[in-house]
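Since the structure comes first, as structure tokens, the remarks are kept for the end.
The values are calculated or read from the model by the stated rules, or taken from the named source; none is laboratory data. It should be emphasised that the depicted structure is a prediction, and the values quoted were computed from it without experimental measurement. Neighbour counts are summed over all protein chains in view; Cβ atoms, including those assigned to glycine, are modelled from backbone coordinates with ideal geometry. These area figures cover heavy atoms from the full protein model, side chains too; ligands, DNA and RNA do not enter into them. Shrake-Rupley method; radii C 1.70, N 1.55, O 1.52, S 1.80 Å.
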Amino acid sequence: MKRRWKIVAAIALGGVFGALLIFNSGRSAREAWMETRNSLRRAGFKLDLAEFNPSIAAEITNRAETLARDELALRKTFFGGVVETLFFGPPVIMSPADSNSAVVVWRQADVKFLPRQPLWPAARAFFEENKAVLDEARKAALSGPIRFADVAGPAAVARVGEPIKRLADEFAVGAVLELHEGKPALAWTNLMVATRLATAWNPGPLQEAQVERYHRVITAFNTAWQVLQADDWTDEQLAKLQQEWESADFLANLPDLVAYRRVSAAKTCAESRLPARAEYKPTEVFHSWWNAVPIVKGCWEQFRYQRTGSYADERNLMLYFRDRELEMRRAISCPSWLDMDGIITAGTATPFTPTAYPVAAHSVSRLQWNLGLEQKNDCAASAAFAEIRRGIVITAVAVKRYHAKHGSYPGTLQALVPDFLPRPPTDFLDGAPLRYVLNDGRFMLYSIGIFPVHELPVITHGSPRPRITRFVVGPGERAELVWPLPDQPGDMADSKVDARGMTR
């Protein structure tokens, strides 16, 4: 009997001693965590989700809500489903004709979205049916900056991204439709709307919403190419389009994206300390005696992690993302994506490593999966490609302005300085001069890729993934981003175009 009591006493003393150790280590972890939070706060780093929703003028948020309301009304119309099928993404706006030229879609008499249903009549029916709603959306998009009031939280992506996406696609197709029907004034207005949905929209700190914006850049780029194949534009119109693209900065929000990931990571660690999130509960021992040992062990590990490990992980994550944010601030000041990528890749070479505590599924293991901490920020690559497109569009508009003034295209891009551009344009991809080709009264601009083709990050359905471009500018050279040559009357002989951008 005495021996049994000695064993019980030893176990009890061991438990008390272990609890005291955890209490002391937990206090040290909490003190270090609080000190880190205070130092980051003093340095001006954001630490709470509410800080990503600054006070925004009611005019700006009302404009965004008007666009969302109009998009919802368009979806509820009879033609909404047809247009969603028709205009899913922008490929119809940029259909390759051959290796380095594209189809001027609005010049085509026969464009089909189904085997036996032509595009133009269905599109015209949609725009006529929804004229009042589309006019309201045009007015809202053209009247100033666009930003939704609440851009933080899991539900924000669909709320802020989907309306802009659908409206941009609809106005892009509206631009080529109006050109096809000989209505340049309305075509130009639709182009400016599609452009502003990329340049004037601030999607906030959510990476998914930023990716949606980069999609809109592709839509606006392709629409601008189509519209500028017509020559009916005044220098005032072209200058305004050029200014719209020059006013955009697709890199500026990248540090905030990293800051948002830091705050989200810290929030996940804090939630792991809530009793409601506990995966193991001591009362389960009374319902499952045969699992008593693993339940007690799980409760003990959970207790240790909540008292010590979660604070250590939260502190380390705050410091990890602080460093990534500082690196991103340096990266966005670089003159090219090559320099940016070097900074970002070097910073993420050593990924965040959680504490050695065994933890439940709701804690850091889930955190790493959700935030992709082992991966570099692919959104930065998408932002860089948006910047490349921005530079190409600005240069293309300047070339068109030169042509309107002189009656011919410039022999080199240097001729655009200083009347149309302040300095010779460069390729943001590598910092070299932007490539420019004249061919039989047509011109082409392009950015040479620096990645192997199978590694090229291109936005597809909301995430960067490999894709091989269909524009090749010369033997041994592959252009990743191209302002292509327009097809000539004989280029598309005996072929037709469908709304998914394929020729046959």
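One table, with the values for the structure above:
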read-out	value
Residue in the stretch 339-356 that is modelled with pLDDT of 90 or more, surrounded by fewer than 17 Cβ atoms within 10 Å (Cβ to Cβ) and not in a loop (DSSP other than H, G, I, E, B) present	yes
Which numbered condition Val82 fails, given (1) part of a helix (DSSP H, G or I); (2) within 35 Å of the chain's Cα centre (by Cα); (3) modelled with pLDDT of 70 or more; (4) surrounded by 11 or more Cβ atoms within 10 Å (Cβ to Cβ)	(3)
Any chance Thr195 is open to solvent by less than 10 Å² (accessible area, probe 1.4 Å) and without any contact (Cβ under 8 Å) to a residue 60 or more places away in the chain	yes
Residue check, Pro475 at pLDDT below 65 and surrounded by fewer than 19 Cβ atoms within 10 Å (Cβ to Cβ)	yes
Subset tally (residues that are modelled with pLDDT of 95 or more, part of a helix (DSSP H, G or I) and either closer than 13 Å to Leu142 by Cβ or in contact with a Leu (Cβ under 9 Å, 6 or more places away or on another chain) (or both)) for the stretch 190-217	9
Subset of the stretch 142-186 [at pLDDT below 90 and acidic (Asp, Glu)]	Asp150, Glu162, Asp169, Glu170
Single residue of Ala239, Ala220, Ala172, Ala248 found to be closer than 30 Å to Ser333 by Cβ, open to solvent by less than 20 Å² (accessible area, probe 1.4 Å), part of a helix (DSSP H, G or I) and not polar (S, T, N, Q)	Ala220
Per-region count, the stretch 30-61, residues at pLDDT 85 or above and part of a helix (DSSP H, G or I)	18
Subset of the stretch 421-433 [within 16 Å of Gln242 (Cβ to Cβ), in contact (Cβ under 8 Å) with a residue 24 or more places away in the chain and out of contact with any Leu (no Cβ under 6 Å at 6 or more places or on another chain)]	Leu421
Qualifying residue in the stretch 423-443 (condition: modelled with pLDDT of 95 or more and surrounded by fewer than 16 Cβ atoms within 10 Å (Cβ to Cβ))	yes
Any chance Asn190 is among the polar types (S, T, N, Q), touching a helix residue (DSSP H, G or I) at 6+ places or on another chain (Cβ under 9 Å) and open to solvent by 30 Å² or more (accessible area, probe 1.4 Å)	no
